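Rule-based calculations on the coordinates, nothing more; no lab input. Since the structure is predicted, the reported quantities are computational estimates derived from the model, not experimental observations.
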Amino acid sequence: MIYWILVGALAGYIGGQIMRGSGFGLLGNIVIGIIGAIIGGWVSRFLGIRTSGEFIGPLITAVAGAVILLWAVGLADGGGRKRRR
């Protein structure tokens, strides 16, 4: 359990760095990383991609899923454009 929390935190942080240039805080990184791992696992199974290893493979899968998640959230939020008040 702690292993997946650490992988989730790292994947969320890396995904945040890729998509917006910063992380989302510890709890946000964990949540984004774990949801990203679920999305990444689903996409990799759909595409027939198998990851190996005990750390690097799952981390890459989780980061890819986190990037997909953050991209989709950015689209739903109007493309990430800042709104005027």
#### Entry: Angstrom value of the Kirkwood radius, inverse mean 1/r, which spans all Cα pairs in the chain
12.9
## Note on the structure
Out of Leu26, Leu59, Leu47, a Gaussian network model of the chain with alpha-carbon springs under 10 Å gives the largest mean-square fluctuation to Leu47
### Summary
Share of Cα-Cα pairs in region 1-40 beyond 11 Å, whole percent, is 53
